[in-house]
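Visitor: Here it is, the structure, as structure tokens.
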Amino acid sequence: MPALASFKKAPKLTLKEVIVDGNRAVGLASGSGVGPLGLPYNQPYYAMVLRVDKGRVTDVVEFADTVEVEIAIGKKLVAA
């Protein structure tokens, strides 16, 4: 996510669980860091859905709470 590039302390993900079914996997994680204005970034629930082909990850879909990103960067990303 481009909004995370300016963070003072890059978000660190902690992997909690991996669920695998065939060539797909879901990684459940949490994350934290420090935004560009020094505000905390706390992402208690984060998920990645991955597709694997011939031992390589070929597709990733990420799910995160964008409000937590907005809090850390001090501005709205999308007008509501």
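The values are calculated or read from the model by the stated rules, or taken from the named source; none is laboratory data. Given the structure is predicted, the values throughout are model-derived calculations rather than measurements. Because the Cβ atoms are built from the backbone with ideal geometry, glycine has one as well, and the counts that use them run over all protein chains shown. Side chains are part of the model used for accessible areas, which takes the heavy atoms of the whole protein and leaves out ligands, DNA and RNA. Shrake-Rupley method; radii C 1.70, N 1.55, O 1.52, S 1.80 Å.
Visitor: Can you tell me the dipole magnitude for the chain around its Cα centre, using point charges on the Cβ only (Lys, Arg +1; Asp, Glu -1), in Debye to the nearest 20? Walk me through the intermediate numbers first.
Guide: Values: 10 positive and 8 negative charges, 56 e Å.
In total the dipole reaches around 260 debye.
Visitor: Related question: Using the 2.2 N^0.38 Å rule of thumb for compact globular proteins, work out how the chain stacks up: its C-alpha Rg over that value, please.
Guide: Working: Rg = 14.3 Å, N = 80, 2.2 N^0.38 = 11.6 Å.
Dividing the Cα radius of gyration by 2.2 N^0.38 Å gives 1.23.
Visitor: Now, a different point. Please give the FRET efficiency for Lys9 paired with Tyr45, using the beta carbon to beta carbon distance and R0 = 25 Å, rounded to the nearest 0.05. List each step's numbers first, then the result.
Guide: Numbers: r = 20 Å, r/R0 = 0.79.
Efficiency, from the Cβ-Cβ distance: 0.80.
Visitor: OK, next. Taking the Cα centre of the chain as the origin and placing charges on Cβ (Lys, Arg +1; Asp, Glu -1), which of Val34, Val69, Asn23 is farthest toward the positive end of the dipole?
Guide: Val34
Visitor: Something else now. Rounded to the nearest 10 Å², what accessible area does Lys76 show when all protein chains are kept and the probe is 1.4 Å?
Guide: Roughly 130 Å² of Lys76 is accessible to a 1.4 Å probe.
Visitor: Counting Lys +1, Arg +1, Asp -1, Glu -1, what net charge surrounds Val61 among other residues with beta carbon under 14 Å of its beta carbon? Intermediate values should be presented prior to the final figure.
Guide: Numbers: positive: Arg24, Arg51; negative: Asp59, Glu62.
Summing Lys/Arg as +1 and Asp/Glu as -1 gives 0.
Visitor: Using the beta-carbon distance between Thr58 and Ala79 and R0 = 30 Å, what value does 1/(1 + (r/R0)^6) give for FRET efficiency, to the nearest 0.05?
Guide: Values: r = 34 Å, r/R0 = 1.13.
Once rounded, the FRET efficiency stands at 0.35.
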